[in-house]
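Chemist: Starting off with a structure, shown below.
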Amino acid sequence: MYTFSTRCLAEAIRLREQAGESLEQGRAMAIAKQHSGDAEQKILARADYLAEQLGIKAELHSWQLAQRSLWLIALALALVSGFVAAWAVLGDGSQAINVIWALGSLLGIHLLMLLVWLLSVIPSADGGSSLPGSIWLGLSKRLPAKLVNITRAWVSLLSHANLLRFWFGSISHGLWSMALLGALLGLMAALSLRRYGFVWESTILPTEVFVAAFSLLGWLPAQLGIAIPDPATIRASDGIPMGDETARVTWAYFLLSAVFLYGLLPRFLLWLLCWGWLRVASTRLRLNLTQPGFANLVQQLTPASQRLGITAPAPGRLHQAHLQHPSLHQAKGAALIALEWADTPPWPEGLDPGITLLGTVDSREQRWQALEQLGAHPVERLLIVCDPRLSPDRGSLEFIVKLAEHARASMIWLPHSDTGSAPQRRQYWLESLQQLGFPVEAIEQDEAVALAWLGGRDE
Amino acid sequence: MNKPHSPPMRIAVVGHTNTGKTSLLRTLTRDSEFGEVSSRPSTTRHVEGVALFAHGEAIIELYDTPGMEDPIGLLEALEQIEQVGADRLDGPARIDLFLQSPQASGRFEQESKVLHQLRQSDAGFYVIDVRDPVLAKHRDELTILGSCAVPLLPILNFVHVADSHEANWREALGRIGLHAVIRFDTVAPERDGEQQLYSALATLVYRYREPLEQLIHFREEEAGQRHQSGLSLIAALLIDVAACHHSIDNKDKPALQQAVHELNDRVRQREQYCVDQLLALYNFRHDDIDAHLLPLLKGRWENDLFHPQTLQLMGVRIGGGAATGAAAGAGFDILTGGMSLGAATAIGAVIGGGLQTVRYTRRQLFDRLSGKATLSVDDEILRMLALRQLHLLNALEARGHAALTPIEQFATEQTGLRSGALPKALNRARAHPEWSSLYDDSEISPLYESTVHELTNHLSEIS
């Protein structure tokens, strides 16, 4: 749906944004996101909108107009120069035309440049090597500043698709075709209106070489039915032009057909090829989205994810347990219990036998058992050991509250640990326990102090 | 693309509180501001959904849930439900019934949200913090979640710590039949971590295999394109710097020193611009929580580009007349005046301003005749720029320093860049001073675009 021109506009906008200009306008991104299609389509939609708003479309039109005018002028110049060159080569008729020399003058440079072009087409760096192309580009730089940006964009777009050599080629071949057409017309005009004689000359080369050369060159025209000089005529034209009308005519046709078949025709066909390929490929051309300026647009326009919103909102208040202090009769002794302690319990061997060791408690059954035992025999002092490397969760905190209900005084012991994994979790234990109602003094990390309190030996 | 679009797959991300569920979602969605992440427990208390796209089509809907905080109590409550009903209830029926009870909206309000979401999903990601040991509450949790009749994929988080309980977790999961386990550290996932995740999911829920494979391919393509974009940014930087040639009229020492310092500053600025572009490409902000894991400090390189020690660190061989260990300079070459190389080196050392060579290029014949000097940037600096930026790109793709090779090791592996001939594209750039934007605006040239392209390809081959 989007044409090459739109891609050119997108590239022009990208280059300007890369240079630091901010071209973004309010609705552009919104329009782009709404546009159906893949990332490239969205970018083109944005470019289309921005180009319209910022007048870049108008710039593109003027640029295209300028290019077209330049092209027409160049073609006209080529035509005229070819015409004039042909006249110059033929001369005014007073001297006989040296056929080889004339062919060399008219076709020599053309063939040389054609060879150079063929060699440069073999893939290497994309064609900066064409002379007409470089001149063209140089002229394009002289355009007003805004239009130079379009040139940059256009060149950038083509060179990424490796199409630049075809563009240079079509300029080159187009101009050469015009020049050779001009030469052909000039030849025809001159040959029609003046009388020329045709010779070939040489000091060191034998006749047979020339016979062979002309026969070779004349093979193709002969296939097309054009009358060309036969070997006898060739030999007879050595040095002195033949007076024979037929001979002159055949030489003339030879010259014309050589210029046509080895000059104009190949150049024209190549031009057609380059121009045709350029047109076809430019419709199939896609933006290179890995370039800076496009890459971030792609991310913004086709994001990897989209939030769907909150489906079950957070409650205002969470159900929170709180430490109770029921009055306890018959509370005596001390007890020690470890909650969710995966390794061996952290207390040392050989504690005071008066201390009830409730062990490590983890599963539901173990918790019930511990609560039952404490319920039957409430204690004065209860030390609860928790693992500070774990996260305090509601289940653990509620259980701690339940345990503390069976003791006159409770202390939570959070032993020292090499806090490699989660140093903040100890802090959250402190906060959560305090929220439950445990005073700061009831939370201890030192082993000696905790065990001393348990044994009743504090203060 | 005429196939009717099937509805997206719904996945609930569940697990015990504070295991990194929201963090996982941030990584999978590339949305660094999704939800709220802190190391405080019970951070997420709502259910929030996010859709993952591939080619503009929603493939998966992920739902972040609150953490399970009291699985022991919950299982107890669930088991009591079984006893009340007349018929024998199976797992899912029991859960459904529980969700209608008053306890579900009271004491177990948070857990109910999780169960409700899981019951409506096609699969669940069960996120595990392997730093925690396997406790009874975790087992109860798995029992509850397993009875929802939804396929569960366990995801092990924080796997990079030294003394994790990963083996115990794998065993515990295996005992309840969950053998397909994925390691996915949400801060520093492995390069193909996401692909493994979605592949395992595809095996688990076979009918969603096609869209999941679509997602995997899309993400791979995306990653490849982003890599190419990163390389072309680096190529543009290198060409910009390589092409820079600045003429100096005044050749006396202070003026030269000034000019060298200025050139160095411009190169540093240009490098910083490239760094900013790379960070933006990978959605990193300078103050990002992960930014400290990159080899940068607040988004800037710590080591000065022009300090000889930086070169030595990178293992880049210093050639020419550069002074090693001393504070400064490389060889210094002024033809007019006919100084010898030894004297020139000594002056270079005194000039300071870091490694820089004042040299002539062939194009500056005119300048030479008129007695000007030309400043350009040494090969070694180019090498270092390339190495640093490639290392940064590597780090951005690895997303965390657990997977990051230190820069010394990285540089050692890049023998192609560290020594040997510079890439052809850079040599070509040296011959085109008009391509550099360090001093003046650069000029267009079709050859420039194709040179950038060539260098990008070269970098992608060697990196």
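Chemist: Calculate the length of the line joining the C-alpha centroid of segment A:256-291 to that of segment B:19-71, in whole Å.
Modeler: Value for the Cα centre distance between the two parts: 56 Å.
Chemist: Dipole of segment A:236-309 (Lys/Arg Cβ +1, Asp/Glu Cβ -1, origin at the Cα centre): which of A:Ser282, A:Gly239, A:Leu261 lies farthest to the positive side?
Modeler: The residue sitting most towards the positive pole is A:Ser282.
Chemist: Please compute the length gained on full extension between A:Glu349 and A:Ser5, using 0.36 nm multiplied by the number of residues separating them and subtracting their Cα-Cα distance. Please list the in-between numbers first.
Modeler: Working: separation 344, 0.36 × 344 = 123.84 nm, distance 8.54 nm.
Contour length minus the Cα-Cα distance gives 115.3 nm.
Chemist: Note down the magnitude of the dipole of chain A about its Cα centre, charges +1 on Lys and Arg C-beta and -1 on Asp and Glu C-beta and zero elsewhere, to the nearest 20 debye.
Modeler: Roughly 2460 debye, rounded to the nearest 20.
Chemist: Structure shown: which of A:Lys402/B:Lys113; A:Lys42/B:Lys424; A:Lys42/B:Lys21; A:Lys332/B:Lys137 lie over 28 Å apart, alpha-carbon to alpha-carbon?
Modeler: Among A:Lys402/B:Lys113; A:Lys42/B:Lys424; A:Lys42/B:Lys21; A:Lys332/B:Lys137, the Cα-Cα distance tops 28 Å for A:Lys42/B:Lys424; A:Lys42/B:Lys21; A:Lys332/B:Lys137.
Chemist: What quantity of accessible surface, computed with a 1.4 Å probe and excluding non-protein components, is buried in total between chains B and A, in Å² to the nearest 100?
Modeler: It comes to approximately 5200 Å² buried between B and A.
Chemist: Report, to the nearest 10°, how far helix A:394-404 tilts away from the longest principal axis of the Cα atoms in chain A, using its own Cα long axis and a range of 0 to 90°.
Modeler: 10 degrees
Chemist: May I ask for the longest run of chain A untouched by trypsin sites (Lys or Arg not before Pro) that are loop-located per DSSP and have at most 13 neighbouring C-beta atoms (other than their own) within 10 Å?
Modeler: A:1-141
Chemist: Rounding to the nearest 10 and keeping the result within 0 to 90°, find how far the Cα-based axis of helix A:4-18 lies from the longest principal axis of chain A.
Modeler: Once rounded, the angle reads 60 degrees.
Chemist: I would also like to ask the following. B:Ser437: net charge of surrounding residues, Cβ under 9 Å, Lys/Arg +1, Asp/Glu -1, itself excluded?
Modeler: Around B:Ser437, the charge tally is -2.
Chemist: Cα gyration tensor of segment B:157-219, axes a ≥ b ≥ c as square roots of the eigenvalues: rounded (a/c below 1.5), prolate (a/b > b/c) or oblate?
Modeler: Details: a/c = 4.83, a/b = 1.41, b/c = 3.43.
Note, shape of segment B:157-219 comes out oblate.
Chemist: Right, next: Once the Cβ-Cβ distance between B:Glu76 and A:Ser417 is put in as r, and R0 is 41 Å, what FRET efficiency do you end up with, to the nearest 0.05?
Modeler: That gives a FRET efficiency of 0.85.
Chemist: For segment B:1-142, rounded, prolate or oblate, judged on the Cα gyration tensor with a ≥ b ≥ c (square roots of eigenvalues), a/c < 1.5 rounded, else prolate if a/b > b/c?
Modeler: On the way: a/c = 2.35, a/b = 1.38, b/c = 1.71.
Taking the square roots of the gyration eigenvalues as a ≥ b ≥ c, segment B:1-142 is oblate.
Chemist: Right, here's the next one. Can you give the FRET efficiency for A:Ser36 and A:Ala222, using 1/(1 + (r/R0)^6), R0 = 51 Å, r = Cβ-Cβ distance, to the nearest 0.05?
Modeler: Numbers: r = 62 Å, r/R0 = 1.21.
E(calc), rounded to 0.05, equals 0.25.
Chemist: Okay, next question. Once you list every other residue whose beta carbon is under 13 Å from the beta carbon of A:Trp277, what net charge do they have if Lys and Arg are +1 and Asp and Glu are -1? Let's see the in-between values first.
Modeler: Values: positive: A:Arg165, A:Arg279, A:Arg284; negative: none.
Value of the local net charge: +3.
Chemist: So what's the net charge close to A:Thr311: Lys and Arg +1, Asp and Glu -1, counting the other residues with Cβ under 14 Å from its Cβ?
Modeler: +2
Chemist: Which sequence of A:Ile240, B:Ile176 reflects their accessible areas, 1.4 Å probe, from the largest down?
Modeler: From most accessible down to least: A:Ile240, B:Ile176.
Chemist: Which shape class, rounded, prolate or oblate, goes with segment B:58-151 when its Cα gyration tensor gives a ≥ b ≥ c as root eigenvalues, a/c under 1.5 marks rounded, and past that a/b bigger than b/c marks prolate?
Modeler: Values: a/c = 1.69, a/b = 1.26, b/c = 1.34.
Cα axes put segment B:58-151 in the oblate bin.
Chemist: Another question, then. Working from Cα positions, state the angle (0 to 90°, nearest 10) between the long axis of helix A:364-376 and the longest principal axis of chain A.
Modeler: Once rounded, the angle reads 20 degrees.
Chemist: Right, here's the next one. For labels at A:Gln424 and B:Lys253 in the simple 7 Å Cα→Cβ model, what's the distance in nm?
Modeler: Distance between label points: 5.6 nm.
Chemist: When only alpha-carbon atoms count, how far does chain A stretch along each of its three principal axes, as whole angstroms with the largest first?
Modeler: Extents along the principal axes: 150, 51, 35 Å.
Chemist: Another question, if that's okay. Evaluate the distance, in nm, between pseudo-label points positioned 7 Å from the Cα of B:Ala162 and of A:Val249 along their respective Cα→Cβ axes.
Modeler: 10.6 nm
Chemist: Hey, what number do you get for chain A at 222 nm if only DSSP H runs of n ≥ 4 count, each worth -39500 (n - 2.57), divided across all residues, to the nearest 500?
Modeler: Counting only the DSSP helices, I get -19000 deg cm²/dmol.
Chemist: Give the percent of DSSP beta bridges with both residues in segment B:1-125 that are antiparallel, rounded to the nearest 5. Can you show the working numbers first?
Modeler: On the way: 7 of 16 bridges.
That works out to approximately 45 percent antiparallel.
The values are calculated or read from the model by the stated rules, or taken from the named source; none is laboratory data. Model, not experiment: these values are computed from the prediction. Quick reminder, even Gly has a Cβ in these numbers, built from the backbone with ideal geometry, and neighbours come from all protein chains shown. Side chains are part of the model used for accessible areas, which takes the heavy atoms of the whole protein and leaves out ligands, DNA and RNA. Shrake-Rupley method; radii C 1.70, N 1.55, O 1.52, S 1.80 Å.
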